[in-house]
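The values are calculated or read from the model by the stated rules, or taken from the named source; none is laboratory data. Quantities reported herein were computed from a predicted structural model and do not represent experimental measurements. Note that each Cβ is placed from the backbone with ideal geometry, even for glycine, and that neighbours are counted across all protein chains shown. These area figures cover heavy atoms from the full protein model, side chains too; ligands, DNA and RNA do not enter into them. Shrake-Rupley method; radii C 1.70, N 1.55, O 1.52, S 1.80 Å.
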Amino acid sequence: MANLELLREARFGEIGVKIYEDRSDASVSVARRIANLIKQRQSESKMAVLGLATGATPVKVYEELIRLHQEEGLSFRNVISFNLDEYFPMQPDSKHSYVEFMKHNLFAHIDILPENIHIPDGTLKEEDVEKYCEEYENKIEEVGGIDFQLLGIGRTGHIGFNEPGSSADSLTRMVVLNDVTRTDAAGGFGGKENVPTKAITMGVGSVFKAKAIVLMAWGESKAEIVKHALEGEVSSNVPATFLQHAKGVEFVLDKEAAALLAAS
Ligand code: GLP
């Protein structure tokens with residue numbers, strides 16, 4: 001196995017931070033951690049419950065998991081997954097849907113059982129969303145909670161689609177997307193006017209229930225929000241700051257995303 005270039009480890013309060021030379025090494029290290037969890041659970045004949053994220057950030061983690069499946073025989077038959085969020089409204093076969101994203105970037109290439117995949121449903125009638133969200137939470141509880149939650153971070157400090165104003169105990173629900181978030185998504189949608197104004201997202205409180213949480217961030221454009229998340233005052237203005245109060249949180253960064261941290 002190749003050695004991964006871990007430049008530095010630090011602690012910011014309760015949060016462990018690992019800073020890698022580049023995002024590729026960082027992604028491989030996260031994928032190995034996920035693979036170890038899956039194998040550990042296999043050896044106990046148990047399921048591994050993963051909380052999964054979309055966006056550009058986790059793509060290399062998924063690539064490495066696919067490689068481990070195809071070249072090293074890692075099986076995902078004991079994996080149950082819950083995705084963080086989905087745009088609303090959204091058809092699952094749209095190229096913009098997170099269903100399509102997950103299929104393309106991970107699920108189509110591994111042996112996870114389709115019935116074990118959960119992604120919030122963007123096709124519901126608005127009046128059915130609340131009940132659906134309650135059921136999403138219940139399903140997570142029924143399988144014993146999330147063992148490992150993967151997170152990215154938006155420039156507003158959102159995790160999942162928990163925009164500024166989200167509370168620390170928020171659960172899965174419908175949210176209105178922030179203007180910055182819609183601007184950041186505009187490229188993929190061919191203009192901000194095409195980006196849905198709403199989404200269904202697991203809440204900050206749902207994420208906190210996970211036994212382990214890894215937030216990843218790459219590149220200069222994330223440096224400021226990463227600094228704020230780790231060093232800023234805890235406030236619903238930047239929901240990622242709530243992670244300072246959660247247990248079992250690790251930030252995995254490349255050196256550019258870590259550039260503004262106090263001890264860097
Ligand atoms: C979207 C997703 C988030 C993700 C964020 C950052 O808003 N809903 O879960 O963390 O974007 O995206 P990226 O990884 O592309 O920077």
Can you give me the C-alpha center-to-center distance between segment 1-47 and segment 102-139, rounded to a whole angstrom?
26
Anisotropy class of segment 125-182 from Cα gyration tensor, a/c 1.5 cut:
oblate
When the charge dipole of the chain is computed with +1 at the Cβ of Lys and Arg and -1 at the Cβ of Asp and Glu, the Cα pointing farthest to the positive end, of 132, 58, 38, is that of 38
Which whole-number value in Å² is the accessible area per residue of segment 136-264, probe 1.4 Å?
39
Could you grab the relative contact order for segment 28-129? Cα pairs under 8 Å, six or more apart, rounded to a whole percent.
29
Simple SL model, points at 7 angstrom along Cα→Cβ for residue 247 and residue 211; separation in nm is 1.2
Calculate the FRET efficiency for residue 125 and residue 43 from the Cβ-Cβ distance with a Förster distance of 41 Å, rounded to the nearest 0.05.
0.40
Which of these, 103, 222, 131, has the largest mean-square fluctuation under a Gaussian network model of the chain (Cα springs below 10 Å)?
131
Within segment 163-264, which GluC sites (Glu not before Pro) sit in a loop by DSSP and count at most 14 neighbouring Cβ atoms inside 10 Å?
233
Pairs of alpha-carbon atoms within less than 8 angstrom and 6+ residues apart define the contacts here; what relative contact order does segment 15-254 have, in percent?
24
Computed from the beta carbon distance with a Förster radius of 30 Å, FRET efficiency for residue 189 and residue 235 to the nearest 0.05 stands at 0.50
So the FRET efficiency between residue 139 and residue 14, C-beta based with R0 = 25 Å and rounded to 0.05, is 0.30
Farthest toward positive dipole pole in the chain [+1 Lys/Arg, -1 Asp/Glu at C-beta], among 94, 161, 112:
112
With the dipole of segment 15-254 defined by +1 on each Lys or Arg Cβ and -1 on each Asp or Glu Cβ, the option from 210, 20, 149 whose Cα lies farthest towards the positive pole is 20
Rounded if a/c under 1.5, otherwise prolate or oblate - the chain, Cα gyration tensor axes
rounded
How high is the relative contact order of segment 58-193, in percent, with contacts defined as C-alpha pairs under 8 Å that are six or more residues apart?
21
Add +1 for every Lys or Arg and -1 for every Asp or Glu among the other residues with Cβ under 12 Å from the Cβ of residue 103, and state the total.
-1
What's the magnitude of the charge dipole for segment 15-254 around its Cα centre, counting Lys and Arg as +1 and Asp and Glu as -1 at the beta-carbon? Answer in Debye, nearest 20.
440
Can you compute the helix-only [θ] at 222 nm over the chain? Use -39500 (n - 2.57) per DSSP H run of at least 4 residues, normalise by all residues, nearest 500 deg cm²/dmol.
-9500 deg cm²/dmol
Hey, quick one: spin label on residue 56, modelled 7 Å out along Cα-Cβ, who in segment 210-243 has an amide N within reach, i.e. under 16 Å?
216-226
How much accessible area per residue does segment 31-98 have, in Å², with a 1.4 Å probe?
44
Quick one: Debye curve from the alpha-carbon atoms of segment 1-149 only, equal weights, vacuum; give me log10 I(q)/I(0) at q = 0.12 Å⁻¹ to two decimals.
-0.57
What is the percent carbon and sulfur in the accessible area of segment 15-254, measuring with a 1.4 Å probe over the protein chains and ignoring ligands?
48
Run the paramagnetic zone check for residue 95: 7 angstrom along Cα to Cβ, then residues of segment 189-210 with backbone nitrogen under 19 Å.
189-196
